[in-house]
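Undergrad: I am attaching a structure below and will ask some questions about it afterwards.
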Amino acid sequence: MSDVEADRSSNFVLVTRKGGFGLPTACPSCLPVYLYLRFANIAFNLLYDVTNPDSDHIPYFEYGYYVAFNNEKGGVIETLKQEGIADLDPKAPNTYFSEWLSTKALINTWLATAIEYEIWVASDSSNACKIYFSDLPWLLAKVLYKKQSQDVKRRLGITDANASEREEEIYRNATLAYVASSLRLGDQSFFFEDRPTSVDALFLGHALFVLHVLPDTSVLRIDFLKHDNLVKYAENLKRQYLDGELPATSIPRSHFDASTSKSNSRRKASHWSSKPKPKAKREKTEEEKKLRRRAKYFLAAQAIAVVVFLSFFGGVERAELQDGDEDGFAYDD
């Protein structure tokens, strides 16, 4: 890497939800972006946003004085391509472009829906709360989980009358997607041209989430394990691109966390450091200032959301709130 490239990449920051389950980030939306940057051999700083648990702008990528949010312009990976930071994908004249595009669509629809269903509907609240709400008070996390679960059911068109039919349809589509992916991959190391593309980042992120986060009883996990080449693919790439990359002593903290912002707001994981000396702290951008202002009002806004939620949905049963262990949800002091 040249000095110019090193200086440029030292300004790259990926902000995700916290890591867990042996993964650098346990968020199914964040992990593919992390993997895409690793595939592209882009050096970056990894930070965790712990103040916006239910926000759809995470993950986001800071480059210089600009920020690419997950919910804008097609997502972070598309922005990385458009800005010329990292573009691993084939272009339209390529002979396999149509197959690459259809595979990507399959992952972003049927498999993404299956993951969403597993997290918010099929499973208890334990995994979802570890991923999204682990830094919140128990009661607030519990209410936000129930609210998000209801939102997902509405978005997926799940009602009491059609719940079993929709579940069958979601898992059937996921099964077909696994079969198609297994046939497409064969015994290759990557899906196309023996090199990584965004399809690999998306599918590997999905596969690692299924293998490491979902419980052994998960229908999706059991189905995935039937395809030996997909399991081997995930294990090999995890070993190559993830294992040993983030030792526990250097896991970064969120720059939104007031307890660390004074002394180490831009702490680097050891393998990402492009220079031995720490980079001087730059002036915060307007976008960062905006995010910090939003963070200050986060708890107050969520408290209001709790009141509205309890009023709208009739409240949470007292017995259910007192018995948090039955659904596997607990916090360590």
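Undergrad: Would you mind finding the one in Leu208, Leu204, Leu214 that is in a loop (DSSP other than H, G, I, E, B), open to solvent by less than 20 Å² (accessible area, probe 1.4 Å) and of a type in the set (A, V, I, L, M, F, W, C)?
TA: Working: Leu208 fails: in a loop (DSSP other than H, G, I, E, B); Leu204 fails: in a loop (DSSP other than H, G, I, E, B).
None of the other options fit; the residue is Leu214.
Undergrad: Could you list, in sequence order, the residues of region 175-201 that are in contact with an Asp or Glu (Cβ under 9 Å, 6 or more places away or on another chain), of a type in the set (Val, Ile, Thr) and either under 13 Å from Tyr233 (Cα atoms) or outside any loop (DSSP other than H, G, I, E, B) (or both)?
TA: Thr175, Val199
Undergrad: So which residues in region 128-165 are farther than 27 Å from Pro24 by Cα and touching a Ser or Thr at 6+ places or on another chain (Cβ under 8 Å), if there are any at all?
TA: Lys153, Leu156
Undergrad: Which residues, counting only those in region 216-242, are basic (Lys, Arg), under 16 Å from Tyr36 (Cα atoms) and out of contact with any helix residue (DSSP H, G or I) (no Cβ under 8 Å at 6 or more places or on another chain)?
TA: First pass over region 216-242, keeping only residues basic (Lys, Arg): 221, 226, 232, 238-239.
Of the ones still in play, those that are also under 16 Å from Tyr36 (Cα atoms) are 238-239.
Scanning region 216-242 gives a single hit, Arg239.
Undergrad: If you don't mind, there's one more thing I want to ask. Go through region 13-22 residue by residue and tally those that are open to solvent by 10 Å² or more (accessible area, probe 1.4 Å) and either hydroxyl-bearing (Ser, Thr, Tyr) or free of Cβ contacts under 8 Å to residues at least 24 places away in the same chain (or both).
TA: Within region 13-22, the first condition is being open to solvent by 10 Å² or more (accessible area, probe 1.4 Å), and the residues that meet it are 17-22.
The next check asks that each one be either hydroxyl-bearing (Ser, Thr, Tyr) or free of Cβ contacts under 8 Å to residues at least 24 places away in the same chain (or both); those that pass are none.
Residues that pass the stated criteria total 0.
Undergrad: Now a separate question. Might you let me know whether region 23-41 holds any residue that is in contact with a strand residue (DSSP E or B) (Cβ under 7 Å, 6 or more places away or on another chain), part of a loop (DSSP other than H, G, I, E, B), on the phi < 0 side of the Ramachandran plot and surrounded by fewer than 21 Cβ atoms within 10 Å (Cβ to Cβ)?
TA: No, region 23-41 contains no residue that is in contact with a strand residue (DSSP E or B) (Cβ under 7 Å, 6 or more places away or on another chain), part of a loop (DSSP other than H, G, I, E, B), on the phi < 0 side of the Ramachandran plot and surrounded by fewer than 21 Cβ atoms within 10 Å (Cβ to Cβ).
Undergrad: Shifting gears a bit: Would you be able to say whether some residue in region 163-175 is open to solvent by 10 Å² or more (accessible area, probe 1.4 Å), among the basic types (Lys, Arg) and touching a strand residue (DSSP E or B) at 6+ places or on another chain (Cβ under 9 Å)? Even if it seems obvious, please write down each step before you answer.
TA: Just the residues of region 163-175 that are open to solvent by 10 Å² or more (accessible area, probe 1.4 Å), to begin with: 163-169, 171-173, 175.
Remaining after also requiring among the basic types (Lys, Arg): 166, 172.
Filter once more, keeping what is touching a strand residue (DSSP E or B) at 6+ places or on another chain (Cβ under 9 Å): none.
Looking for residues that are open to solvent by 10 Å² or more (accessible area, probe 1.4 Å), among the basic types (Lys, Arg) and touching a strand residue (DSSP E or B) at 6+ places or on another chain (Cβ under 9 Å), one finds none in region 163-175, hence no.
Undergrad: Among the listed residues Trp138, Trp120, identify the single one that is of a type in the set (Phe, Trp, Tyr) and at pLDDT below 95.
TA: Trp138 is the lone residue from the list that is of a type in the set (Phe, Trp, Tyr) and at pLDDT below 95.
The values are calculated or read from the model by the stated rules, or taken from the named source; none is laboratory data. All figures in this text were calculated on a predicted structure; none of them were measured in a lab. For neighbour counting, all protein chains shown are included, and Cβ atoms are generated from backbone atoms with ideal geometry for every residue, glycine included. Note: accessible area is taken over every heavy atom of the protein model, side chains too, but ligands, DNA and RNA are not part of it. Shrake-Rupley method; radii C 1.70, N 1.55, O 1.52, S 1.80 Å.
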